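A short worksheet on the structure shown next.
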């Protein structure tokens with residue numbers, strides 16, 4: 001018996017949209033992963049070639065997030081259940 005997840009994965013792969021789906025998911029889970037405080041100063045913008053681009057509203061917050069990038073990256077990939085995001089780019 002197949003699980004719903006494996007059936008969906010197979011369907012996404014069949015139609016060639018697997019990458020677009022996990023990229024959108026990475027953007028959608030950003031606020032949840034980083035929490036309210038960081039989310040109020042950032043916006044997940046796009047994913048390209050394994051890089052998650054984040055808009056940050058001030059240099060102070062950008063600097064703070066530089067120290068947390070590794071941990072945030074690990075939490076995002078854990079939520080995606082795959083190591084898809086290789087880097088977080090702060091802008």
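What follows draws every value from the coordinates through simple rules; no lab data is involved. Because the structure is predicted, anything quoted here is derived from the model rather than measured.
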Taking Cα atoms, the helix 4-14 axis meets the longest principal axis of the chain at an angle in degrees (rounded to 10) of 90
Relative to the chain, whose Cα atoms define the longest principal axis, helix 18-34 and its Cα axis are tilted in degrees, nearest 10, by 40
In degrees, nearest 10, the alpha-carbon axis of helix 59-80 is tilted away from the dominant principal axis of the alpha carbons of the chain by 20
When the chain is treated as a Gaussian network with springs between alpha carbons less than 10 Å apart, the largest mean-square fluctuation among 33, 60, 21 is found at 60
Expected max-MSF residue from 17, 38, 72 in the GNM of the chain (alpha carbon, under 10 Å) is 17
The Rg/Rh figure for region 4-90, Cα atoms and Kirkwood Rh, to two decimals is 1.02
With the 8 Å Cα cutoff and a minimum separation of six or more residues, the chain has a relative contact order in percent of 26
